[in-house]
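Please read the structure below before turning to the comments.
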Amino acid sequence: MISNKQIADLIFPDITETIEDLEKRFPKRNLPTGAEVTRFAPSPTGFLHTGSLFTSLICRKIATQSNGVFYVRLEDTDTKREIQGSGEQLLEQLKIFNVVPDEGYLGNSESGIYGPYIQSKRADIYKVCIKYLLEQGNAYPCFCSSDELADIRAKQEANKILPGYYGAYAKCRYLTNEERYEKIKNGEPFVIRFKSSGNHIRKIKVHDLIRGDFEIAQNDQDIVIYKSDGLPTYHFAHAVDDHFMRTTVVIRGEEWIPSLPIHVELFSALGFEAPKYAHLPVIMKLDENGNKRKLSKRLDSEAAVSFFLEDGYPPEALIMYLMTIANSNFEEWIFQNKFEHMEDFTLSFEKFSHEGALFDLGKVNFFAREILSKLNKEEITLKAKEYAEEHNPKLLDLISRDENYFKEIMNIEREKENPRKDYEKFGNLVNLIGFFYKDIYEDLVSQNGFVFNEKFDKSTIKEVLHIMKDKLSTDNIDEQTWFANMKEIGTGLGFASNGKEFKANPDAYKGTIGDIAEMLRISFTTKKNSPNLYYIMKVLGKQETDNRLDKVISSL
C-alpha cells in the first residue's frame with residue numbers, strides 16, 4: 001500500500017528540508033512589544049494603482065508608529081500577466097510618496113534576512129510546505145484537464161449548484177495513492193490541490209482590526225496551491241510568506257474578505273499562527289447612473305498614481321487626501337497643524353470607515369493648493385523645474401529662458417501671512433502663467449482676441465486704456481497707493497469707486513473701478529481671471545504693459 005509520504009517523495013524527491021528547518025532559518029523577529037510587521041506585496045503586472053498606494057501608505061504608517069518593520073514582497077507567480085520592469089517602477093513611484101521599505105524587494109536589489117523577497121525565487125520554500133501537506137493528507141495531485149473542469153462547472157451551473165472543485169465534485173481527491181502513483185509515473189500532467197475540510201453551509205468566526213468580529217462561510221473549495229509550471233498560487237504563497245517573513249498584520253483591500261476562509265484554513269493546516277487582518281475600505285467612484293463602483297484602472301485616469309505625477313501634483317497632497325479616507329479625524333488634525341508634519345499623526349484602525357470612500361479630486365486639489373502656497377519662490381521654482389525636466393518640456397522652456405523672471409511670477413502674493421493659492425499642480429502652469437511671456441501672449445491674442453464686457457463701447461474702452469497707460473504706474477509705489485491712484489483716475493473718468501456706490505445710483509456712472517481693472521486685466525493677459533493685477537504690471541514692467549495697451553487700443 002502506497003503512503004502519502006511516498007506520493008510526496010515521488011513528486012518532490014529533492015526536497016529534504018522540513019518546516020522545522022524553515023522555522024530555524026527564518027526565526028521570529030526580535031522586536032519591541034506591540035511592534036507590527038507589515039508588508040506591501042504588489043504584482044509586477046502594471047502601474048501603481050491609487051488603491052495600492054493607499055494600502056502601502058497604511059502599511060508603512062502602522063509599522064513606523066509601532067516601531068515595527070515594513071517590507072515589500074514581489075508576488076510574481078502569475079507569469080502570464082507580468083510586465084517587464086513594472087516591479088522596479090512601482091518601487092520608484094512609492095519612493096516619491098515616501099513609502100520606503102525597511103527591508104525586502106527594493107527594485108533592483110533585496111535587503112533582509114527573510115528573503116528572497118521575490119516569490120519566484122522562493123520555489124523550494126513552497127515545495128517544503130506543499131510536501132508537508134501531501135504527507136499529512138491535506139493536499140493531493142489533481143490530473144483533471146481543463147475540459148473536465150469546464151464540464152464539472154457546466155453541470156453545476158445547469159443544476160444551480162455552487163460552482164467549484166469541492167466535495168463530490170473534487171474527482172481527484174478520491175483517487176487511491178496507487179492510482180496517483182501510477183499516473184505520476186506515466187507522466188500525466190497535474191497540479192496540486194489543498195484538501196479542504198470545510199463546508200460552505202457552516203460558518204467561522206473571524207476578527208478584523210477594522211470591522212471587528214463577524215461570521216463568514218467556511219471554505220470547502222479544494223483550491224490549486226501548486227501549478228503545473230512549478231510555482232504556487234497566490235493563496236498558498238502568501239500564507240507561507242507571511243508566516244516565514246513574520247508578518248503580524250496583513251493590511252489589504254476589503255475585496256479580499258471572501259478569501260479569508262481559505263487563508264485561515266491554510267494557516268491552520270500548515271500549523272502556523274495566522275496573522276491579524278485589517279481589510280481597508282475600497283476607493284469608489286460614481287458611475288453614469290449615480291451608482292458606486294470601485295475606482296477602475298480602465299475607466300478612471302486617477303486610478304493610476306502616474307496620473308498625479310505626470311500632472312504635477314505635489315505628492316503630499318495625494319498622501320493627505322488618502323489619510324482623510326483612512327481616518328475620520330485626520331482632516332481636523334491636519335488643519336490644526338497647518339498642513340505640516342503629517343508624520344506626527346497617529347493612525348488608528350478604530351477610526352477607519354467600513355464604507356468605501358468616493359474619490360474626490362477636488363479635495364486633492366485643495367490640499368495641493370495649501371501645500372504649494374507654503375513654498376517660497378526658490379522652493380516652488382525648484383519643484384516646478386524638477387517636474388518639468390521629467391514631464392513637461394514646454395514648462396521647462398519657460399523656466400530656462402530666465403529663471404529669475406519665473407521666480408518673480410511664482411512669487412506674486414507669496415510672501416505674506418495668507419499667500420495666494422493659485423496653483424494646485426505644475427501640469428497646468430503654462431496655461432496659468434503663459435501670458436507673462438511675449439510669444440505665448442501673442443498666441444493667446446491670435447486665438448482669443450480681447451473679449452471685453454459688452455456694456456462698454458470701443459470708445460470708452462480706448463479712453464480708459466489711454467488714460468491708464470499715461471497715468472497709472474507701479475513704479476516705486478506699493479499696492480495700496482497704486483490702487484488709490486487707479487481709483488482716483490477712474491472716478492475722474494466717470495466710474496464709481498466701488499460697487500455699492502454704483503448700485504445706489506447706476507445712472508450716474510459708466511461702471512465701477514472693478515470694470516476698469518477687468519479692462520486692464522484682459523489687455524495684459526487676454527483673461528478675466530488672473531493673479532493680482534498690480535503684480536502682473538510690476539512683473540511685466542512699464543514698457544511691456546505700455547506695448548500691450550497699445551496693441552489693444554490699435555485693435556479696437
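The values are calculated or read from the model by the stated rules, or taken from the named source; none is laboratory data. These figures come from a predicted structure and were not determined experimentally. Here the Cβ is made from the backbone with ideal geometry for all residues, glycine too, and neighbour counts use every protein chain on show. Quick note on the areas: whole protein, heavy atoms, side chains included, nothing else; ligands and nucleic acids left out. Shrake-Rupley method; radii C 1.70, N 1.55, O 1.52, S 1.80 Å.
For this structure, a couple of remarks:
- Rg followed by Dmax, in Å, when the range 499-553 is reduced to its Cα trace: 13.3, 38
- Over the range 1-47 - Rg/Rh using Cα atoms and the Kirkwood inverse-distance radius: 1.21
- Kirkwood-Stokes translational diffusion coefficient of the range 102-143, alpha-carbon pairs, 37 °C, 0.692 mPa s, µm²/s: 271
- Kirkwood Rh, Cα atoms: Rg over Rh of the range 366-445: 0.95
- Dimensionless Rg ratio for the range 71-123, taking C-alpha atoms and the 2.2 N^0.38 Å reference: 1.11
- Shape box of the range 298-405 [Cα atoms, principal axes, largest first, Å]: 52, 37, 18
- Cα pair distances exceeding 19 angstrom across the range 431-515, given as percent: 53
- Under the Debye formula (equal points on every Cα, no solvent term), log10 I(q)/I(0) of the range 383-495 at q = 0.18 Å⁻¹: -1.13
- Trypsin sites (Lys or Arg not before Pro) restricted to the range 326-367 and DSSP loop, no more than 14 other C-beta within 10 Å: 338
- Solvent-accessible area, 1.4 Å probe, carbon plus sulfur percent, for the range 190-266: 56
- Positive-end residue of 35, 187, 68, charge dipole of the chain with Cβ unit charges: 187
- Pairs of Cα atoms in the range 243-352 fall into 10 Å distance bins, from 0 up to the last occupied one, in shares of 11, 30, 33, 21, 5, 0 percent.
- If you look at the Cα atoms of the range 12-72, you get an Rg and a Dmax of 16.1, 45 Å.
- Each Lys and Arg contributes +1 and each Asp and Glu -1, all at the Cβ; summed about the Cα centre of the range 461-556, the dipole is approximately 280 debye.
- Each 10 Å bin, from zero up to the one with the longest distance, holds this percent of the alpha carbon pairs of the range 19-143: 12, 36, 32, 18, 2.
- Heavy-atom surface analysis with a 1.4 Å probe gives the range 457-535 a carbon and sulfur content of 46 percent of its accessible area.
- Extending 7 Å from Cα along the Cβ direction at residue 457 and again at residue 391 yields two label points whose distance is 5.0 nm.
- Hydrodynamic radius by Kirkwood, which averages 1/r over all alpha carbon pairs of the range 121-234, in angstrom: 15.8
- With all protein chains kept in place, the per residue accessible area of the range 201-322 amounts to 39 square angstrom at a probe of 1.4 angstrom.
- Computed over protein heavy atoms with a 1.4 Å probe, the accessible surface of the range 375-494 works out to 56 Å² per residue.
- The range 92-180, dipole about Cα centre (Lys/Arg Cβ +1, Asp/Glu Cβ -1), debye to the nearest 20: 220
- C-alpha center-to-center spacing [the range 97-164, the range 188-248] in angstrom: 9
- log10 of Debye I(q)/I(0), alpha-carbon scatterers only, for the range 154-292 at 0.13, 0.15, 0.18 Å⁻¹: -0.73, -0.92, -1.16
- Extension reserve of the residue 376-residue 25 stretch, reckoned as 0.36 nm per residue once the Cα distance is removed: 121.1 nm
- Of all DSSP beta bridges in the chain, antiparallel share, percent nearest 5: 55
- Of the accessible area of the range 373-445, computed with a 1.4 Å probe over protein heavy atoms only, carbon and sulfur atoms account for 42 percent.
- For the range 450-469 versus the range 339-381, the inter-centroid distance based on Cα atoms is 44 Å.
- For the range 1-89, the solvent-accessible area of protein heavy atoms averages 49 Å² per residue (probe radius 1.4 Å; ligands and nucleic acids excluded).
- Per residue of the chain, the DSSP helices (runs of n ≥ 4 H) give a summed -39500 (n - 2.57) that works out to -13500 deg cm²/dmol at 222 nm.
- Note on the range 193-257: Cα convex hull, mean projected area over all directions, 5.4 nm².
- Linear extension gain, residue 113 paired with residue 200, 0.36 nm per residue minus alpha-carbon span: 27.4 nm
- Considering every alpha-carbon pair of the range 406-556, the percent of pairs per 5 Å bin, from zero through the bin containing the longest distance, is 2, 9, 18, 22, 20, 15, 10, 4, 1, 0.
- Cysteines (scope the chain) whose Cβ has no counterpart Cys Cβ under 4.7 Å: 59, 129, 144
- Column: log10 I(q)/I(0), Debye, Cα scatterers of the range 153-218, q = 0.18, 0.19, 0.23 Å⁻¹: -0.86, -0.90, -1.04
- Electrostatic dipole magnitude of the range 293-416 [Cβ: Lys, Arg +1; Asp, Glu -1; Cα centre; debye, to 20]: 340
- Within the range 37-99, the ratio Rg/Rh, alpha carbon atoms throughout and Rh by Kirkwood, equals 0.99.
- Selection among 165, 52, 108 by position relative to the dipole of the range 29-175 gives 165 as farthest towards the positive end (Cβ unit charges, Cα centre).
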